[in-house]
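Beneath this line is the structure, given in structure tokens, with notes to follow.
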Amino acid sequence: MLGAIRRRVGGPQSLLNTVLKCKSGLEPTAAAWTSGGRRNASEPQILSTCFRPDFAPPAASSPPRSGTMTVRDALNSAIDEEMAADSKVFIIGEEVGEYQGAYKVTKGLLQKFGPDRVLDTPITEAGFTGIGVGSAFYGLKPIVEFMTFNFAMQAIDHIINSAAKTHYMSGGKIEVPIVFRGPNGAAAGVAAQHSQCFAAWYGACPGLKVLAPYNAEDARGLLKAAIRDPDPVVFLENELMYGETFTVSDEVLDPSFTLPIGKAKVERQGTDLTMTAFSKMVGTCLKAAEELAKEGISVEVINLRSIRPLDRATINASVRKTSRLLTVEEGWPQHGVGAEICASVVEQSFEYLDAPIERICGADVPMPYAANLERLAVPQLEDIIRAAKRVCYRSTQQRAAA
């Protein structure tokens with residue numbers, strides 16, 4: 001935040017001039033639309049002069065093929081490659097340029113693509129989000145970065161009432177290819193106004209696609225898919241995961257690699273219990289599964305990846321195999337992602353259940369600042385293990401034996 005104040009920034013009018021100077025070349029015309037409401041492929045999508053004609057960005061550099069990659073580098077390489085491949089893609093937000101991103105996700109992009117495609121903004125979420133949504137109406141593909149999704153509340157009208165609804169309200173004639181991305185959920189020591197999980201908030205809104213990556217493969221493949229998607233995508237990252245390193249295959253490092261939106265991944269096969277999770281909690285569930293395996297409990301761990309659309313088919317198929325379900329998330333329990341999963345399983349697979357469903361969620365309180373209370377407010381490994389044993393009736397058996 002201080003970096004945004006220290007550095008020189010242009011005013012709101014300069015941002016408008018950058019994005020809207022190509023407006024006349026992007027006006028939708030009757031010939032630009034097919035009868036199905038999508039753009040006519042024969043019509044020009046964007047003018048090459050929309051961004052500085054004297055700036056020719058180089059091809060995106062290939063990420064290092066070392067077999068490992070941090071989540072931060074996965075996100076950076078995805079944005080880099082998509083900007084190099086499509087001149088309509090640009091990124092806008094606080095500190096994305098000169099400071100290279102609050103979490104260094106946009107490192108090096110200003111030097112490669114110039115200030116017309118990597119736009120530093122004043123501290124005005126409502127302002128730059130509105131500019132992003134408006135530019136998407138005219139055929140550009142903005143990536144709007146929030147320093148944290150808690151600050152996106154300042155721009156919620158643009159996200160919900162403009163981005164999410166315009167394709168429907170225009171009868172399918174106006175696409176809104178925009179990505180809203182940034183850290184979401186609990187971090188560490190940043191208290192109530194910087195620690196909320198918005199997965200359930202955005203997941204409840206028709207017109208949005210909502211993604212929550214866990215590892216480097218998720219981050220790279222889902223972000224590239226989000227940028228290419230014709231609809232608005234809310235991309236929920238996790239601050240504590242940026243520096244985590246994961247093994248990646250050559251397929252993941254290929255510039256053409258994407259992951260399908262709306263498809264979960266079974267991270268670990270199991271037969272006794274299904275666990276569902278997203279973002280950072282996937283890793284905690286995998287650790288719990290390892291510990292439970294030592295006690296003879298075989299856990300299937302599902303990485304949701306996509307909150308909306310939700311992969312109900314994969315979840316129900318797993319529950320029909322294991323006959324038990326435990327949902328895990330950092331968000332609040334009431335009206336949460338886990339609650340929606342429970343409803344889906346009760347509606348579609350109730351007769352397969354051998355035990356009541358359990359949910360592990362964040363505490364139903366604003367996030368405390370004190371470290372000891374913060375730990376109690378966020379799901380921990382031992383919480384998941386205890387719940388898993390309850391679902392499998394192991395804790396009852398142990399008490400009886402004692």
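The values are calculated or read from the model by the stated rules, or taken from the named source; none is laboratory data. Keep in mind it's a predicted model, so treat the numbers as computed, not measured. Cβ atoms come from the backbone with ideal geometry, glycine included; neighbour counts cover every protein chain shown. The accessibility values were calculated without ligands, DNA or RNA, using every heavy atom of the protein model including side chains. Shrake-Rupley method; radii C 1.70, N 1.55, O 1.52, S 1.80 Å.
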- [ ] Give the shape of the stretch 277-402 as rounded, prolate or oblate, defined through the alpha-carbon gyration tensor: a ≥ b ≥ c are the square roots of its eigenvalues, a/c under 1.5 means rounded, and otherwise the shape is prolate if a/b is larger than b/c and oblate if not.
- [x] oblate
Task: Amide proton proximity set for Ile302, modelled H, under 5 Å, gap of 5+ - done: Glu267, Met275, Thr276, Ala277
Open item on the list: Taking a ≥ b ≥ c as the square roots of the Cα gyration tensor eigenvalues, with a/c under 1.5 meaning rounded and otherwise prolate when a/b beats b/c, else oblate, which class fits the stretch 67-253?
Closed with: rounded
Open item on the list: Taking all protein chains in place and a 1.4 Å probe, what share, in percent, of the accessible surface of the stretch 67-253 do carbon and sulfur account for?
Closed with: 52
Open item on the list: Under the rule of at least 5 residues apart or a separate chain, name every residue whose amide H is placed under 5 Å from the amide H of Val89.
Closed with: Lys141
TODO: Could you do me a favour and compute the accessible area per residue for the stretch 265-392, 1.4 Å probe, result in Å²?
DONE: 43
- [ ] Rank-order 175-182, 286-293 by packing density, defined as the average count of other C-beta atoms within 10 Å over each peptide's residues, highest first.
- [x] 175-182, 286-293
Task: Label-reachable residues, the stretch 328-347, where backbone N falls under 18 Å from a point 7 Å from Ala204's Cα toward its Cβ - done: 329-344
- [ ] Would you mind checking Lys104/Lys141; Lys112/Lys224; Lys141/Lys265; Lys165/Lys287 for any pair whose Cα atoms are more than 29 angstrom apart?
- [x] Lys165/Lys287
- [ ] Count the DSSP beta bridges whose two residues both fall in the stretch 67-253, then state the antiparallel fraction as a percent rounded to the nearest 5.
- [x] 15
